[in-house]
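Engineer: Have a look at this one.
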Amino acid sequence: MTHAATPATTGMDGEQAAQTDGIHLVVDALKLNGVETIYGVVGIPITDLARLAPANGIRYIGFRHESDAAHAAAAAGFLTQKPGICLTVSAPGFLNGLVGLANATTNCFPMVQISGSSERHLVDLQRGDYEEMDQLQAAKQFAKAAFRVSRAEDIGRGIARAIRTAASGRPGGVYLDIPAAVLGEVIDAEKGASSVWELVDAAPKQIPGPDAVDRAIDLLAGAERPLIVLGKGAAYSRADEQIRAFVESSGIPYVPMSMAKGLLPDDHPQSVATARSLALKRADVVMLVGARLNWLLGHGDAPQWSPDAKFIQVDIAANEMDSNQPIAAPLVGDVGSVMDALAERAKPGQITTPAAWREELGAKSEANVAKMAKRLEAAKAAHPMKFLGALQSIRDVLAENPNAYVVNEGANALDLARNTIPMSVPRHRLDSGTWGVMGIGMGYAIAAAVETGEPVVAIEGDSAFGFSGMELEAICRYNLPVITVVLNNSGVYRGDEVSPTGDPAPTYLKARHDLMIQAFGGKGYQATTPDEVASTLREAIAAGVPALIDCIIDPGDGTESGNIGHLNPTGLTQKK
Ligand code: ADP
Ligand code: TZD
């Protein structure tokens, strides 16, 4: 087998055997496994690897900070089901990338962080090498798995193992350590070529047992108030048609978790997102599909849920079952196979939804929508602009561009955008996710643009944006169709706090973000009214080039920690 990256280094006399080295083998193995893009930051010992990849058909996207590159790789994994690849330098670069690796693992996104590392014989005796660190040891607790390659001939094996581990079962982040000496190690080209291989069936289907399926069907068939919760595992599984068929044939109402929005269009008649609290509280049989009963679902506890609720859980990870509540019907398998099995084994008409339950939720939904309509109407007219004023304009422009990807982070900027902006296409919303992490914004946006070529609208709190704001430069350098909309209320949560010391208050921030992007050659707008938000966003999406709209929001608009203020351990200094 020969590969494009492997150099033929036959000597002048023609006698020397062709040779290859570590970096060529990395590129060979990645290429063979269908990797199209590497996200990273260069430096010793990986710069030549980043140069070699594009010369062999793998795009290299260079970032300003490794956590952004790692977040990008994670998002690429979520969007494509193929592990995103992040490349980092030793010690500090490696550590910067770990936030993204750990966040990917927490969110069940497949990615591989490949990091160069310093010389083992110096690191292990702590002799003080350049960027010395025992990276393998450090990575273990933050990754689904961590491996080190110690010989060039094991590079293909290491990459196969990393990709397989990241993509199969519950997806996650895998760390692959490749010391500088291994990247530079020269071996016989033929031996090298036979040491890399292509994975077969990287994420095999997991089919649930028939007894487990029947147990779930029986529970659903006996339910008076059934509810389906769709999570980002369902979105990731790409079983869109099977999920839709099951939801529609059973008539069961559903609520989408934030990154499952659009799996079925948000205006689907069975979506009860607008009666969420009531649906959770009253449901007697709940079917979780690729969603965990973690803090985002109140751990399944009363009073948010009925203490008598019975749970069915569809998840690829068996050990997720019973992590919070007794699971009456565990359905361990991939969402597609489970949905197929349910459709196959349920008798026609066996699972239905009582009309009274649908009506109860419908009435609540109508009342909530009417209440929200009043808030929205008031916000539209308010000056200075409110979050909800700007967001209605963003909603309207996005409705004209259903293929645009939405990235979203912040506190109020996250909660309010999630509730205001409907999604109609699966996997088009990426947000702070399971950790509620800030800093994913520009990395996720870059990956969405690179992987799909579609426009991306990143809706960012001003604090949230700051974590990855320097990547505006990368967005401009690669001329990506990313439009960043900063909801700028001059602070973390809000911008009207005054400190008695004379220093700025801990939550206060001040920036003209529209000027930042201009420094990199992008288009900067300032918008002070909902009409200006709409017209600038429309113009920017049509132009398809990097742009940033700094939306000036009333500094007094915003709640401490958004809708999770109750998680603050004290309420002593909170406002409103
Ligand atoms: P959300 O935050 O949207 O509620 P979570 O991240 O909490 O979603 O849950 C996603 C769940 O989906 C995880 O428990 C994960 O194991 C599971 N999962 C991921 N991929 C699949 C798949 N292909 N089939 C079934 N379950 C999956
Ligand atoms: N650091 C990291 C990595 N993640 C975090 N979640 C936080 C800090 C704490 N934090 C939040 O939970 S939200 C937030 C921070 C700093 C920013 C909220 O301010 P914002 O949004 O300007 O982004 P709003 O719209 O003004 O609330």
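Engineer: Among the residues of the range 250-265, is any at pLDDT 95 or above, over 23 Å from ALA328 (Cα atoms) and within 16 Å of ligand 2 (Cβ to nearest atom)?
Structural biologist: Yes, the range 250-265 contains a residue that is at pLDDT 95 or above, over 23 Å from ALA328 (Cα atoms) and within 16 Å of ligand 2 (Cβ to nearest atom).
Engineer: Go through (1) surrounded by fewer than 17 Cβ atoms within 10 Å (Cβ to Cβ); (2) in contact (Cβ under 8 Å) with a residue 40 or more places away in the chain and name the single condition ASP211 misses.
Structural biologist: (2)
Engineer: Here is a follow-up. Among the listed residues VAL338, VAL407, VAL314, identify the single one that is within 16 Å of ligand 2 (Cβ to nearest atom) and touching a Leu at 6+ places or on another chain (Cβ under 7 Å). Write out each step before concluding.
Structural biologist: Values: VAL338 fails: within 16 Å of ligand 2 (Cβ to nearest atom); VAL314 fails: within 16 Å of ligand 2 (Cβ to nearest atom).
Result: VAL407 is the single residue among VAL338, VAL407, VAL314 that is within 16 Å of ligand 2 (Cβ to nearest atom) and touching a Leu at 6+ places or on another chain (Cβ under 7 Å).
Engineer: Residues of the range 239-286 being surrounded by fewer than 20 Cβ atoms within 10 Å (Cβ to Cβ), among the small types (Gly, Ala, Ser) and not in a helix (DSSP H, G or I), which ones?
Structural biologist: GLY251 - this is the single residue of the range 239-286 that is surrounded by fewer than 20 Cβ atoms within 10 Å (Cβ to Cβ), among the small types (Gly, Ala, Ser) and not in a helix (DSSP H, G or I).
Engineer: Just one of the numbered conditions (1) surrounded by 19 or more Cβ atoms within 10 Å (Cβ to Cβ); (2) away from ligand 1 (no atom under 16 Å from the Cβ); (3) without any contact (Cβ under 8 Å) to a residue 60 or more places away in the chain is not true of LYS374; which one?
Structural biologist: If we test LYS374 against (1) surrounded by 19 or more Cβ atoms within 10 Å (Cβ to Cβ); (2) away from ligand 1 (no atom under 16 Å from the Cβ); (3) without any contact (Cβ under 8 Å) to a residue 60 or more places away in the chain, just (1) comes out false.
Engineer: So, one more: Consider GLY565 against the criteria (1) within 13 Å of ligand 2 (Cβ to nearest atom); (2) without any contact (Cβ under 8 Å) to a residue 60 or more places away in the chain; (3) not in a helix (DSSP H, G or I): it satisfies all of them except one. Which criterion is unmet?
Structural biologist: Failed condition: (3).
Engineer: If I go through the range 346-362 residue by residue, how many of them are among the hydrophobic types (A, V, I, L, M, F, W, C) and surrounded by 13 or more Cβ atoms within 10 Å (Cβ to Cβ)?
Structural biologist: Pass one, the range 346-362, residues among the hydrophobic types (A, V, I, L, M, F, W, C): 346, 351, 355-357, 361.
Next cut, surrounded by 13 or more Cβ atoms within 10 Å (Cβ to Cβ) only: 346, 351, 357, 361.
Of the residues in the range 346-362, 4 are among the hydrophobic types (A, V, I, L, M, F, W, C) and surrounded by 13 or more Cβ atoms within 10 Å (Cβ to Cβ).
Engineer: Now a separate question. When you scan the range 413-422, how many residues do you find that are surrounded by fewer than 24 Cβ atoms within 10 Å (Cβ to Cβ) and either over 17 Å from the mean Cα position of the chain (by Cα) or outside any helix (DSSP H, G or I) (or both)?
Structural biologist: 4
Engineer: Here's something else I'd like to know. Pairs under 7 Å by beta carbon, first residue among the acidic types (Asp, Glu) in the range 482-511, partner at pLDDT below 95 and part of a loop (DSSP other than H, G, I, E, B), six or more apart or different chains?
Structural biologist: The qualifying pairs are GLU497/LYS575.
Engineer: Additional query: What residue, among those in the range 441-479 that are in contact with a His (Cβ under 8 Å, 6 or more places away or on another chain) and hydroxyl-bearing (Ser, Thr, Tyr), is nearest to ALA104 (Cα to Cα)?
Structural biologist: TYR444
Engineer: Kindly check whether there is at least one residue in the range 477-486 that is surrounded by 21 or more Cβ atoms within 10 Å (Cβ to Cβ), more than 19 Å from TYR525 (Cα to Cα), away from ligand 2 (no atom under 14 Å from the Cβ) and outside the structural domain of MET257 (by TED's automatic domain parsing).
Structural biologist: The initial filter retains those residues of the range 477-486 that are surrounded by 21 or more Cβ atoms within 10 Å (Cβ to Cβ), namely 480-486.
Of the ones still in play, those that are also more than 19 Å from TYR525 (Cα to Cα) are none.
No, the range 477-486 contains no residue that is surrounded by 21 or more Cβ atoms within 10 Å (Cβ to Cβ), more than 19 Å from TYR525 (Cα to Cα), away from ligand 2 (no atom under 14 Å from the Cβ) and outside the structural domain of MET257 (by TED's automatic domain parsing).
Engineer: On to the next question. Select, from ALA212, ALA203, ALA239, the only residue that is farther than 30 Å from MET423 by Cα, among the small types (Gly, Ala, Ser) and within 16 Å of ligand 1 (Cβ to nearest atom). Quick ask: steps written out before the conclusion?
Structural biologist: Details: ALA203 fails: farther than 30 Å from MET423 by Cα; ALA239 fails: farther than 30 Å from MET423 by Cα.
Checking each option against the conditions leaves just ALA212.
Engineer: Only one of these conditions is not met by ARG170: (1) within 16 Å of ligand 1 (Cβ to nearest atom); (2) of a type in the set (Lys, Arg); (3) outside any loop (DSSP other than H, G, I, E, B). Which number is it?
Structural biologist: With respect to (1) within 16 Å of ligand 1 (Cβ to nearest atom); (2) of a type in the set (Lys, Arg); (3) outside any loop (DSSP other than H, G, I, E, B), ARG170 is out only on (3).
Engineer: Going by the structure shown, is ALA511 surrounded by fewer than 17 Cβ atoms within 10 Å (Cβ to Cβ), under 24 Å from LEU416 (Cβ atoms) and away from ligand 1 (no atom under 16 Å from the Cβ)? Before you say what the answer is, go through the steps one by one.
Structural biologist: Details: surrounded by fewer than 17 Cβ atoms within 10 Å (Cβ to Cβ): yes; under 24 Å from LEU416 (Cβ atoms): yes; away from ligand 1 (no atom under 16 Å from the Cβ): yes.
Answer is yes for this residue.
Engineer: OK, next. Taking the residues in the range 102-154 that are among the β-branched types (Val, Ile, Thr) and part of a helix (DSSP H, G or I) as candidates, determine which candidate is nearest to VAL35 (Cα to Cα). I'd like the intermediate steps shown before the answer.
Structural biologist: To start, the set of residues in the range 102-154 that are among the β-branched types (Val, Ile, Thr) comprises 105-106, 112, 114, 123, 149.
In the following step, the residues that additionally are part of a helix (DSSP H, G or I) were identified as 105-106, 123.
Numbers: THR105: 20, THR106: 23, VAL123: 31 Å.
Ranking the qualifying residues of the range 102-154, first place goes to THR105.
Engineer: Next up: Kindly check whether there is at least one residue in the range 396-403 that is among the polar types (S, T, N, Q) and either crowded, with 21+ Cβ neighbours inside 10 Å or within 27 Å of PRO269 (Cα to Cα) (or both).
Structural biologist: Checked the range 396-403: at least one residue is among the polar types (S, T, N, Q) and either crowded, with 21+ Cβ neighbours inside 10 Å or within 27 Å of PRO269 (Cα to Cα) (or both).
Engineer: Being aliphatic (A, V, I, L, M), away from ligand 2 (no atom under 16 Å from the Cβ) and under 14 Å from ALA76 (Cβ atoms) is the filter here; which residues of the range 410-455 pass it? Quick ask: steps written out before the conclusion?
Structural biologist: From the range 410-455, those aliphatic (A, V, I, L, M) are 411, 413-414, 416-417, 421, 423, 425, 430, 437-438, 440, 442, 445-450; that's our starting set.
Narrowing the set further to residues that are away from ligand 2 (no atom under 16 Å from the Cβ) leaves 423, 425, 446-450.
Within the range 410-455, ILE446, ALA447, ALA448, ALA449, VAL450 meet the criteria.
Engineer: Which condition number does MET385 fail, the rest of (1) away from ligand 2 (no atom under 14 Å from the Cβ); (2) more than 20 Å from the chain's Cα centre (by Cα) being met?
Structural biologist: Among (1) away from ligand 2 (no atom under 14 Å from the Cβ); (2) more than 20 Å from the chain's Cα centre (by Cα), MET385 violates only (1).
Engineer: Condition (residue is touching a residue at least 24 places away in the same chain (Cβ under 8 Å), assigned to a loop (DSSP other than H, G, I, E, B), surrounded by 22 or more Cβ atoms within 10 Å (Cβ to Cβ) and away from ligand 1 (no atom under 12 Å from the Cβ)) applied to the range 323-336: is it met by at least one residue?
Structural biologist: Let us first name the residues in the range 323-336 that are touching a residue at least 24 places away in the same chain (Cβ under 8 Å), namely 323-325, 328-336.
Still in the running and assigned to a loop (DSSP other than H, G, I, E, B): 323-325, 333-334.
This time we only want the ones that are surrounded by 22 or more Cβ atoms within 10 Å (Cβ to Cβ), so: 333-334.
Narrowing further to those that are away from ligand 1 (no atom under 12 Å from the Cβ): none.
The answer is no; no qualifying residue exists.
Engineer: Among the numbered conditions (1) within 16 Å of ligand 1 (Cβ to nearest atom); (2) assigned by TED's automatic domain parsing to the domain that holds SER250; (3) among the β-branched types (Val, Ile, Thr), tell me where THR352 comes up short.
Structural biologist: Failed condition: (1).
Engineer: Considering the range 115-141 alone, what residues qualify as being surrounded by 21 or more Cβ atoms within 10 Å (Cβ to Cβ) and over 19 Å from ILE187 (Cβ atoms)? Working first, answer last.
Structural biologist: Of the range 115-141, the ones surrounded by 21 or more Cβ atoms within 10 Å (Cβ to Cβ) are 115-118, 123, 135, 139.
Matches in the range 115-141: SER115, SER117, SER118, VAL123, GLN135, ALA139.
Engineer: If you check GLY571, GLY558, which single one turns out to be part of a loop (DSSP other than H, G, I, E, B), closer than 23 Å to LEU414 by Cβ, more than 16 Å from ligand 1 (Cβ to nearest atom) and not assigned by TED's automatic domain parsing to the domain that holds ASN408?
Structural biologist: On the way: GLY558 fails: not assigned by TED's automatic domain parsing to the domain that holds ASN408.
None of the others qualify; the one that does is GLY571.
The values are calculated or read from the model by the stated rules, or taken from the named source; none is laboratory data. Quick caveat: nothing in here was measured; it's all calculated off a predicted structure. Cβ: placed from backbone, ideal geometry, glycine included. Neighbour counts: every protein chain shown.
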